[in-house]
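Heads up, the thing below is written out as structure tokens.
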Amino acid sequence: MAIFFKTENHSDFSNHHPWNTLFRNWAPAVLWAGLIFFFSTDRFSSSNTSQFLGPLLSAIFSRITAEQFDTLHLIVRKLAHWGEYFIFSLLLVRALHGRFKSQLELRRAVWIVAVVFLYALSDEIHQVFVPSRTPSLADVTIDSFAGMCGILWTYLCPKSKGFATDAAPENRAGLKSSKKT
């Protein structure tokens with residue numbers, strides 16, 4: 001659509017409405033960060049998640065012992081951590097206009113990992129103030145690893161269109177495209 005790209009004959013839609021583009025690019029990442037914060041509340045403590053995971057795992061594994069349930073419950077919770085931050089890193093990549101195309105964009109990848117790490121750390125600090133939660137540096141490690149996995153996935157799957165933004169595409173040098181219509 002020509003209205004989203006700067007051309008000789010058309011004005012750039014995003015220049016007229018910079019807040020619209022900023023909102024469209026960053027709102028999903030900010031909303032997801034809010035959801036992660038919500039998952040750190042008492043509602044998603046281990047004792048509360050075991051109440052709905054218990055019947056589910058018992059239905060799937062009819063002869064599950066209490067010890068096996070505890071192990072599976074822990075695995076599900078850690079995978080949930082990984083998934084939350086994997087998605088968060090993808091949304092940060094999207095907010096920063098796209099995919100990783102070359103090693104020149106290492107700075108962007110490092111910035112995203114730093115944001116993921118700092119948010120994961122702040123999430124665990126938040127859990128200090130929730131009586132039913134316990135902060136864990138292991139969770140920060142899992143979350144940071146998930147952020148790195150998200151960036152790696154974006155780098156290895158550059159043809160994925162799922163996280164395209166309204167921003168003009170960039171070439172390998174990081175310059176705006178001068179595509180003419």
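No lab work stands behind these numbers, since they all come straight from the coordinates. Please read all numbers here as calculations on a predicted model, not as lab measurements. No Cβ is skipped: glycine too gets one built from the backbone with ideal geometry, and neighbour counts run over all protein chains shown.
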Report summary line: Phi-derived 3J(HN,Hα) across segment 117-132 with the Karplus relation (6.51, -1.76, 1.60, θ = phi - 60°), rounded Hz, x for Gly and Pro, is 4, 5, 5, 4, 5, 5, 5, 5, 5, 4, 5, 4, 8, 9, x, 8
Requested in this report: Enumerate the residues in segment 26-48 having an amide nitrogen under 17 Å from the point lying 7 Å beyond the Cα of A138 toward its Cβ.
Outcome: 45-47
Requested in this report: Arrange the following residues from fewest to most other Cβ atoms within 10 Å of their Cβ: Y119, Y155, Y85.
Outcome: Y155, Y119, Y85
Report summary line: For the pair F39 and A59, the simple spin-label estimate (label points 7 Å beyond Cα toward Cβ) gives in nm 2.2 nm
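Counting pairs of Cα atoms in segment 15-156, how many percent are more than 19 Å apart? Mind showing how you got there, number by number?
Details: 5742 of 10011 pairs.
Result for the distance tail: 57 percent.
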**Report entry** Footprinting exposure proxy for F86, F129 (fewest neighbouring C-beta atoms within 10 Å first)
**Finding:** F129, F86
